[in-house]
Amino acid sequence: MFMLDEILAHKIIEVEDKKVRYPMSLVEKKLAHARSVRDFFDAMKQPGISLIAEVKRKSPSKGELRQDYDALSLARTYSQHGARAISVLADEAFFGGGAHIVERIANDAQVHLPVMYKEFVIDPYQVFEARSVGADAVLLIVRAVAPAMLPQLIETAHQLGMQALVECFTVEEAKLAVGSGARIVGVNNRDLQSFEVDLERSEKIRAVLPSTTLTVSESGLSSRADALQAEQLGFDAMLVGEAILKADNVALQVRSFAGLHEEMKDPVLND
Ligand SMILES: O=P(O)(O)OC[C@@H](O)[C@@H](O)c1c[nH]c2ccccc12
């Protein structure tokens, strides 16, 4: 929790500063010209477990994730090799991302997937910003916001035509997410206290969610076997970062998570 507290303390200052430098009136102007929304919900609903592949330069626990890091070329690779959505870190200070990176990827002619603005959202301003740069979904972390704020943030995302992936760590948080209007709930497999990954805890949480809620297994998935386990537990989608970012061959790793690995051996697809 310590790290989350530190990030949130930083975020409060950052958002207030942004609101002064780039006021809501400008965000609204930009919103009017944002590209049309791609259907993130539908992308998650496709048969088989859907891959949301993540673009992140670094993390507080792992540091820099790859030497030849290039956010846009990663997103293009994800788009070409079977990911169904792309999660792009908007946080700059801790994860090396930025709203401008979300914007570049969301509007790139070679990226055809829905894009999620991955940020520590604490204020509706950030949800408007997400749509204004072309995002199709936002991450909302239950633990990061006051319970009264959660329905408002979800509603704002939906009103803008976006989806919200509402992230939880406990059964209580999952119930709160659904009660607040979440249509897509993410279960973070990584305990923020111990950094341990526990898929059984995730299964317990998934089990209390209504069948109409789409579910995403987040963090710590390292192979196709983990993906299949998550699928077996009933998850509709998975969010994978590190295992893809650290791979020597990103395209192959994405195909593997997406269940397309075998096709790579087909010479026709091997160009
Ligand atoms: O890199 P991993 O272990 O595959 O995890 C990806 C994603 O789940 C993780 O980056 C994440 C999930 N929720 C978050 C909230 C904030 C920052 C990061 C995250």
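The values are calculated or read from the model by the stated rules, or taken from the named source; none is laboratory data. Just so we're clear, the structure is a prediction, and the values are computed from it rather than from any experiment. Heads up, the Cβs are rebuilt from the backbone with ideal geometry, glycines too, and the neighbour counts pull from every protein chain shown. Just so you know, the surface numbers come from the protein's heavy atoms only, side chains and all, with ligands and any DNA or RNA stripped out. Shrake-Rupley method; radii C 1.70, N 1.55, O 1.52, S 1.80 Å.
Here are the numbers:
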read-out	value
In the stretch 235-251, residue surrounded by the fewest Cβ atoms within 10 Å (Cβ to Cβ) [restricted to those that are assigned to a loop (DSSP other than H, G, I, E, B) and more than 11 Å from the ligand (Cβ to nearest atom)]	Asp248
Close pairs from the stretch 183-209: first within 16 Å of Asp236 (Cβ to Cβ), partner open to solvent by 60 Å² or more (accessible area, probe 1.4 Å) and outside any helix (DSSP H, G or I), Cβ under 6 Å, at least 6 apart	Asn189/Val197
Output for the stretch 163-182, where each listed residue is of a type in the set (Gly, Ala, Ser), away from the ligand (no atom under 16 Å from the Cβ) and open to solvent by less than 50 Å² (accessible area, probe 1.4 Å)	Ser180, Gly181
The stretch 61-73, residues that are away from the ligand (no atom under 13 Å from the Cβ) and open to solvent by less than 90 Å² (accessible area, probe 1.4 Å)	Tyr69, Asp70, Ala71, Leu72, Ser73
Test: residue in the stretch 183-198 that is under 18 Å from Val127 (Cβ atoms) and either open to solvent by 10 Å² or more (accessible area, probe 1.4 Å) or part of a helix (DSSP H, G or I) (or both)	yes
Where a residue in the stretch 161-181 is within 8 Å of Val142 (Cβ to Cβ) and its partner, wherever it lies, is of a type in the set (Ser, Thr, Tyr) and outside any helix (DSSP H, G or I), with Cβ under 8 Å and at least six apart	Val166/Ser180
Pair list, Cβ < 7 Å and 6+ apart or interchain, from the stretch 216-233 residues that are touching a residue at least 24 places away in the same chain (Cβ under 8 Å) to residues that are more than 14 Å from the ligand (Cβ to nearest atom) and basic (Lys, Arg)	Leu233/Arg206
Selection status of Ala135, among the aliphatic types (A, V, I, L, M) and assigned to a helix (DSSP H, G or I)	no
